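Read the structure below first, then the notes.
The values are calculated or read from the model by the stated rules, or taken from the named source; none is laboratory data. What you see is a predicted model, and the numbers here were worked out from it, not measured in a lab. Ideal geometry is used to build each Cβ from the backbone, glycine not excepted, and the neighbour counts take in all protein chains shown.
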Amino acid sequence: MQTEIKFAGFGGQGILLSAKLMAYAAMKQGSFVAWVPSYGPEMRGGTAYCTVVISDKLIGSPIIKNPTHLVAMNLPSLEKFVNDVKPGGIVFINSSLIPITSNRTDIEQLVVPINDIAIKAGNIRASNIVALAAFAAKSKLVDLDLLKDCIKEEFAAKAKIIPLNMKAFDEGVNFANNNI
Amino acid sequence: MAKVLMKGNEAIAEAAIRAGCVNYFAYPITPQSEVAEYLVKRLPEEGGVFLQGESEVAVGYMIFGAAAAGERVMTTSSSPGISLMSESISYIAAANCPAVFVNIVRGGPGLGGILPSQGDYFQATKGGGHGDYHLLVLAPDGVQEAVEMTMQAFTLAEKYRGPVMILGDGLIGQMMEPVEFPDNLKTEPSNKDDWATNGMDTRKSKKRNLVKSLFLNPTELNNNNLALKAKYDQMKREEIQFEAYNTDGDYKVLITSFGTMSRVCRTAIDLLKEEGIEVAMLRPKTVFPFPEKAVFDAATKESCKAVISIEMNMGQMVEDVERCVKGQRPVTFYGECGGDIPSPEKIIEIIKAMI
């Protein structure tokens, strides 16, 4: 069984970190994982995307054309990748920046205003954590407490921003659980 | 030790430290710059030296200097940088000095691109610099193997007193995978007092050592080349590593592939198996010395009708495969080298067209 999640947005939104945290939690759960970034002459505001592969066996090709799920943080990402998602997958849509949803009926759409939730939680910069939390709650790919521990570990050197991120995480989970 | 999630570049850097390498000289280039970024933080903690050269040419000779002094030393670069270092690699090989070179290959020729490629196979296995020399070349297929091979590379460099190369690519450098580090390698090069210019004060022997690559006397030069040849012959006997994948069944097609590309082929083989189509793969882990006999044996199995070499270049390793198959089976090739990695679906389509 293999699951692939594409995280996509613009540079600076914390895409790579969200993806890394997902991969890290899945690894701790005992899965094989690969985190494959797009890399290139990118800059803040440019495009960024990253694929996380989670599998119960050794991962062959880490290059994925048709992911199981998509986390789209901005409009170009949704437009570019939504048709690649396998039927039955979850497409996460950051409705703070994406005014539309997809016409596809064979996928599940999870529409979350992450920027607004992050601002309410204390800082817009935690919006990637809101997205990660909401997606994790919906997809049930990893244990949520384990994922929270991974976030705490990641921010261990900047302990003062942990409470903000924990709050953002909980808000993300709540939104996903209450609005579906 | 527990598994950690690391980028290939960072994992290679950590592996070098665990192999006892405290000398690292480099010049930044995408897609390997994280190695330097990691070591600039870590090496001072280990009492080591990181020095950024003014160019790859300078870095190559910093490596030569440290290697001549019998120090464990490594550099990392990507394709155009390795080209610039090739002169010094030839000198290091000629002077019989141990050193580790890591090439996180990007697309070429010229400045090419910054995405993964396997276009430096010829450069790594057939020369790069001038003269009759070889590097021992290890080709990892992921982050875990990159770590293991980096650590092995130091042992092999010292065993053969010559340059060893890790032939990776941009994907292996940039990708994060779980990795488990083997036990630290800390043994000192045992015989360095016999050959290294490590200073008379630091060793017991009073013999003066000379490290050089200039041999104006034809007999002396011929002898040095014979000694190098003897090392390469020994590597062919003792160091060949390969992976045989799905070779137990009655396969009709044998794929040869290395590094990142072999992972895609592995997925394609698994998917074909589900459809009842048996395909095998022979993956050289050392691309020099090349697993000649293993390739011949796998290709000439009775069920096997054809061999295809699949690479992220325009046809390089395929020449070694053809040489090993000795005309016993048709050998074809498929490759892409713009930076996009061929998909398993593409490989499946090509294999199906063959049978």
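A few comments on the model shown:
Per-residue answers, yes or no, for (1) of a type in the set (Asp, Glu); (2) crowded, with 24+ Cβ neighbours inside 10 Å; (3) within 14 Å of chain A (Cβ to nearest Cβ):
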position: B:Val40; (1), (2), (3): no, no, no
position: B:Gly53; (1), (2), (3): no, no, no
position: B:Val59; (1), (2), (3): no, yes, no
position: B:Ala68; (1), (2), (3): no, yes, no
position: B:Glu71; (1), (2), (3): yes, no, no
position: B:Ser77; (1), (2), (3): no, yes, no
position: B:Ser90; (1), (2), (3): no, no, no
position: B:Ile104; (1), (2), (3): no, yes, yes
position: B:Gly119; (1), (2), (3): no, no, no
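- B:Thr256 vs. criteria away from chain A (no Cβ under 12 Å), surrounded by fewer than 23 Cβ atoms within 10 Å (Cβ to Cβ) and either closer than 26 Å to B:Ile104 by Cβ or touching a strand residue (DSSP E or B) at 6+ places or on another chain (Cβ under 6 Å) (or both): no
- Applying the criterion of at least 1 residues that are within 14 Å of the chain's Cα centre (by Cα), within 14 Å of chain B (Cβ to nearest Cβ) and within 21 Å of B:Gln144 (Cβ to Cβ) to the strands (runs of 3 or more DSSP E) found wholly in the range A:1-86 leaves A:2-10, A:32-37, A:47-55.
- Across the range B:121-136, the qualifying residues are those that are assigned to a loop (DSSP other than H, G, I, E, B) and surrounded by fewer than 19 Cβ atoms within 10 Å (Cβ to Cβ), and the one among them that is modelled with the lowest pLDDT is B:Gly127.
- Qualifying positions in the range B:124-145 - away from chain A (no Cβ under 14 Å) and either among the small types (Gly, Ala, Ser) or under 14 Å from B:Ser77 (Cα atoms) (or both): B:Ala124, B:Gly127, B:Gly128, B:Gly129, B:Gly131, B:Ala139
Listed here are the residues, each with its yes/no results for (1) free of Cβ contacts under 8 Å to residues at least 40 places away in the same chain; (2) surrounded by fewer than 16 Cβ atoms within 10 Å (Cβ to Cβ); (3) at negative phi; (4) not acidic (Asp, Glu).
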{"residue": "A:Ser55", "(1), (2), (3), (4)": "no, no, yes, yes"}
{"residue": "A:Pro62", "(1), (2), (3), (4)": "yes, no, yes, yes"}
{"residue": "A:His69", "(1), (2), (3), (4)": "no, no, yes, yes"}
{"residue": "A:Gly88", "(1), (2), (3), (4)": "yes, yes, no, yes"}
{"residue": "A:Phe92", "(1), (2), (3), (4)": "no, no, yes, yes"}
{"residue": "A:Ser96", "(1), (2), (3), (4)": "yes, no, yes, yes"}
{"residue": "A:Thr101", "(1), (2), (3), (4)": "yes, yes, yes, yes"}
{"residue": "A:Asn128", "(1), (2), (3), (4)": "no, no, yes, yes"}
{"residue": "A:Leu132", "(1), (2), (3), (4)": "no, no, yes, yes"}
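- Where a residue in the range B:288-315 is on the phi < 0 side of the Ramachandran plot and its partner, wherever it lies, is assigned to a strand (DSSP E or B) and among the acidic types (Asp, Glu), with Cβ under 9 Å and at least six apart: B:Met312/B:Asp169
- Among the residues of the range B:231-246, those that are surrounded by 10 or more Cβ atoms within 10 Å (Cβ to Cβ) and either in contact with a helix residue (DSSP H, G or I) (Cβ under 6 Å, 6 or more places away or on another chain) or not acidic (Asp, Glu) (or both) comprise B:Lys231, B:Tyr232, B:Gln234, B:Met235, B:Lys236, B:Ile240, B:Gln241, B:Phe242, B:Ala244, B:Tyr245, B:Asn246.
- Counted residues, the range B:141-191 - those being among the basic types (Lys, Arg) and within 28 Å of B:Lys126 (Cα to Cα): 2
- Taken over the range B:302-321, the criterion of being touching a strand residue (DSSP E or B) at 6+ places or on another chain (Cβ under 8 Å) and surrounded by fewer than 20 Cβ atoms within 10 Å (Cβ to Cβ) is satisfied by B:Lys305, B:Ala306, B:Met314, B:Gly315.
- Within the range B:242-268, the residues that satisfy the criterion of being within 14 Å of B:Val321 (Cβ to Cβ) and not polar (S, T, N, Q) are B:Phe242, B:Val253, B:Leu254, B:Ile255, B:Phe258, B:Met261, B:Cys265.
- Across the range B:327-355, the number of residues qualifying as under 25 Å from the mean Cα position of the chain (by Cα), more than 14 Å from every other protein chain (Cβ to nearest Cβ) and at pLDDT 95 or above comes to 5.
- So B:Ala146, is it in the same structural domain as B:Cys21 (by TED's automatic domain parsing), assigned to a loop (DSSP other than H, G, I, E, B) and out of contact with any His (no Cβ under 7 Å at 6 or more places or on another chain): no
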